[in-house]
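One structure is given below, encoded as structure tokens.
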Amino acid sequence: MSRDDAVARVLAEHPPIDLHADTPSLMRVGYDFLRRHRPPLPRAALGYHVDLPRLRDGGFGGIFLGLVTSPIRFGDRVASVERQISLVESAARRSGGGLVAAASPGAFAAAPGRGAVAYAFGLEGAHALEGRLDPLDGWARRGLRYLTVTHFSRNRAGTPRVGLGMRPDDGLTGWGRALVEACESSRILVDVAHASVRTRADVLAVASAPVIVSHGGVAAVHPMWRNLDDDAVRAVARTGGVAGVIYGTQFLGGDTADVVAAHLEHLWRAGGEDLPALGSDWDGLIFMPRDLRDPTQIGNLVAALLDRRIPERIVGKMLRDNVLRVFDRPVGD
Ligand SMILES: [Zn+2]
């Protein structure tokens, strides 16, 4: 059997689910999720990476869409989150069943059999809550499945690794602990991408549900501030969570799908087979590997993983099954 056949089989058996794409930021300024786009900038820089036609061409089964609000306050951030959710809901209504909400467990698993791509949301930064916890339940019902404690600014819950007002020695605050609890009771997982080392350690200490890293890399492959060292890799794995590998070349330390595969392989070897996942950060103002610029090119990553002699079963976990295990458990599990 040829390698192309093996790639096609792995993709068909494990329709990928990506943990992080920031496409709603584009939708706020008129980007139509249901139409096929061509990135306007050379090397597909910065955005126009994800839309439903290209997700389908790539064989994707699901995508987590990032809800981003400004670290500098202007306007009502809670309202901004709700506007972004509404834009995606409106696209789903117009999609003829092609785009469906994964607001409840089991929805990701069911989508490919219905010819659909399932979406859920990740909220990037607790500053979006404006100090409130009451919106979480309603947002969870509309598909919010994880919350990144910090984005690019210090907020009421904690402090980022790098960003406005960071204080590296500060960790999770009292309100941050209440936030972790509120998220868990709304079945929203807590994400420590962007968090300072101390904030991350505090979340890992207090969380009772799996903790995730939605988009990042590993320091063992490319040492840089945002990437996880092996202690952090193992700590996240111990919670039963997943870690999504980002495709931004500055985090990867390289410009090919094979470098993404190297980060995924290291997560597997250091943290176990239940840990690695995809967390592209497409549409998140990044520069990507030259052969992984949009969802239609996901086969290049699968080929790179198979070329590393990673068993198909493990590749399937990286593409899909680990995310399903963490996010698609039946209620009460
Ligand atoms: Zn981010």
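The values are calculated or read from the model by the stated rules, or taken from the named source; none is laboratory data. Model, not experiment: these values are computed from the prediction. Using ideal geometry, Cβ is built from the backbone for each residue, glycine included, and neighbour counts are taken over all protein chains shown. Ligands, DNA and RNA are stripped out before the accessible areas are found, and what is left, the full protein with its side chains, is counted by its heavy atoms. Shrake-Rupley method; radii C 1.70, N 1.55, O 1.52, S 1.80 Å.
Brief remarks on what is shown
- Within segment 176-208, being without any contact (Cβ under 8 Å) to a residue 12 or more places away in the chain and either among the hydroxyl-bearing types (Ser, Thr, Tyr) or not in a helix (DSSP H, G or I) (or both) holds for one residue alone: Ser185.
- Evaluation of Pro39 against the conditions (1) within 25 Å of Ala103 (Cβ to Cβ); (2) part of a loop (DSSP other than H, G, I, E, B) shows that the sole unmet condition is (1).
- First in segment 260-282 and away from the ligand (no atom under 16 Å from the Cβ), second anywhere and of a type in the set (Phe, Trp, Tyr) and not in a helix (DSSP H, G or I), Cβ under 8 Å, 6 or more apart: Val260/Tyr247
- Selection count where residues are outside any loop (DSSP other than H, G, I, E, B) and surrounded by fewer than 24 Cβ atoms within 10 Å (Cβ to Cβ), scope segment 269-282: 3
- Top-ranked residue in segment 135-176 [being open to solvent by 30 Å² or more (accessible area, probe 1.4 Å) and within 22 Å of Phe327 (Cα to Cα); ranked as nearest to the chain's Cα centre (by Cα)]: Arg142
- Restricting segment 103-128 to residues that are assigned to a loop (DSSP other than H, G, I, E, B) and more than 18 Å from Pro24 (Cβ to Cβ), the residue that is farthest from the chain's Cα centre (by Cα): Gly115
- Residue pairs whose Cβ atoms lie under 7 Å apart, sitting 6 or more positions apart in sequence or on different chains, and linking a residue in segment 95-112 that is more than 19 Å from Tyr146 (Cα to Cα) and free of Cβ contacts under 8 Å to residues at least 24 places away in the same chain to a partner that is not in a loop (DSSP other than H, G, I, E, B) and not small (Gly, Ala, Ser), are Gly97/Arg114.
- Residue satisfying condition, being polar (S, T, N, Q), within 30 Å of Asp134 (Cα to Cα) and under 16 Å from the mean Cα position of the chain (by Cα), within set Ser86, Ser80, Ser25, Ser70: Ser25
- Set Val100, Val29: member being surrounded by 15 or more Cβ atoms within 10 Å (Cβ to Cβ) and either at pLDDT 95 or above or not in a helix (DSSP H, G or I) (or both): Val100
- Picking from residues in segment 283-329 that are part of a loop (DSSP other than H, G, I, E, B) and free of Cβ contacts under 8 Å to residues at least 12 places away in the same chain, the one that is farthest from the chain's Cα centre (by Cα) is Arg309.
- Of residues in segment 103-130 being out of contact with any helix residue (DSSP H, G or I) (no Cβ under 8 Å at 6 or more places or on another chain) and open to solvent by 10 Å² or more (accessible area, probe 1.4 Å), the one nearest to the ligand (Cβ to nearest atom): Ala107
- If only residues of segment 197-243 that are within 16 Å of the ligand (Cβ to nearest atom) and surrounded by fewer than 18 Cβ atoms within 10 Å (Cβ to Cβ) are counted, the one that is modelled with the lowest pLDDT is Trp225.
- Of the numbered criteria (1) at pLDDT below 95; (2) within 18 Å of the chain's Cα centre (by Cα); (3) more than 16 Å from the ligand (Cβ to nearest atom), the one Gly332 fails is (2).
- Flag if Val68 is at pLDDT below 95, in contact with a strand residue (DSSP E or B) (Cβ under 9 Å, 6 or more places away or on another chain) and buried (at least 18 other Cβ atoms within 10 Å of the Cβ): yes
- Residue count, segment 244-259 (criterion: within 13 Å of the ligand (Cβ to nearest atom), assigned to a loop (DSSP other than H, G, I, E, B) and either out of contact with any strand residue (DSSP E or B) (no Cβ under 9 Å at 6 or more places or on another chain) or open to solvent by 20 Å² or more (accessible area, probe 1.4 Å) (or both)): 0
- A single member of Gly59, Gly75 is under 18 Å from the mean Cα position of the chain (by Cα), open to solvent by 20 Å² or more (accessible area, probe 1.4 Å) and away from the ligand (no atom under 16 Å from the Cβ), and it is Gly59.
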